[in-house]
Amino acid sequence: MLSTAVIKVLDADNKYQFARALLDSGSQPSFISESLCQRLRLKRNKLNSPVSGIGQSSVNVHFGVTLSIASRFGGFETSLQCLVLPKLTVDLPSHHIDVTRWRIPRHLPLADPQFNIRQGIDLILGAELFFDLLQQQRFSLPSGYPSLQKTVLGFIVCGKVSAPAPQRDNTLTSHVCSDEALNVQLERFWEV
């Protein structure tokens, strides 16, 4: 199970709207979906930045935005640069997960109250912000269940989920993004 959070994002009218974010320490940049960018009516900056990922797949990103985000639980606000992509990832999790037996303490404010229901991702919060979000408190659920990690966005749910064989989905999701391809291209250019 990958970590998701519902956060507040500032639109062009200086009003907060809610968005669902994937917290990804394996991504150098942060990303925003085209649909959320349009919904917020954010001013775009032109750029041409190649981004590479798993299997050395690469895509050129043509726009970036400055985005202001805040926690639903108050106290945390920041701005960050996001690259705009038409679609960020598949819906997460890959299937509905029954959490009725997980014994999650009711008093914990969950970063994503519907973390177990398959939904779209509006943002990917990358490594530049990831570790600033983490706090010290952590709860471990019984063996075979994920952990709950405290963040400024609420408790995120992350880790292995054991499921009975008929419910198991063999689809694996990985998010690793790097803008290192740009450096390689510049080196090649100067060598030529």
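Of note:
- When residue 121 is tested against (1) of a type in the set (A, V, I, L, M, F, W, C); (2) closer than 15 Å to residue 1 by Cα; (3) touching a helix residue (DSSP H, G or I) at 6+ places or on another chain (Cβ under 8 Å), only condition (3) is not met.
- Filtered residue count, segment 94-126, keeping only those that are modelled with pLDDT of 95 or more and open to solvent by less than 90 Å² (accessible area, probe 1.4 Å): 16
- For segment 14-27, the criterion of being open to solvent by 50 Å² or more (accessible area, probe 1.4 Å), touching a Pro at 6+ places or on another chain (Cβ under 7 Å), touching a residue at least 60 places away in the same chain (Cβ under 8 Å) and not aliphatic (A, V, I, L, M) is met by no residue.
- Selected residue (criterion: modelled with the lowest pLDDT) from residues of segment 34-49 that are touching a strand residue (DSSP E or B) at 6+ places or on another chain (Cβ under 9 Å) and farther than 17 Å from residue 88 by Cβ: 48
- When the strands (runs of 3 or more DSSP E) confined to segment 19-108 are screened for residues that are closer than 23 Å to residue 156 by Cβ, those reaching at least 1 such residues are found at 30-33, 58-70, 77-85.
- Flag if residue 89 is under 15 Å from the mean Cα position of the chain (by Cα), hydroxyl-bearing (Ser, Thr, Tyr) and either within 19 Å of residue 6 (Cβ to Cβ) or open to solvent by less than 30 Å² (accessible area, probe 1.4 Å) (or both): yes
- Hits in segment 127-146 - residues which are among the hydroxyl-bearing types (Ser, Thr, Tyr) and crowded, with 16+ Cβ neighbours inside 10 Å: 145
- Segment 33-52 residues that are open to solvent by less than 80 Å² (accessible area, probe 1.4 Å), paired with ones that are at pLDDT 95 or above and basic (Lys, Arg) (beta carbon under 8 Å, 6 or more apart): 37/44
- The residue pairs whose first member lies in segment 119-135 and is under 15 Å from residue 68 (Cα atoms), whose second member is among the basic types (Lys, Arg), and whose beta carbons are closer than 6 Å, counting only pairs six or more residues apart or on different chains, are 122/20.
The values are calculated or read from the model by the stated rules, or taken from the named source; none is laboratory data. None of these values were measured; they are calculated from a predicted model. For neighbour counting, all protein chains shown are included, and Cβ atoms are generated from backbone atoms with ideal geometry for every residue, glycine included. Just so you know, the surface numbers come from the protein's heavy atoms only, side chains and all, with ligands and any DNA or RNA stripped out. Shrake-Rupley method; radii C 1.70, N 1.55, O 1.52, S 1.80 Å.
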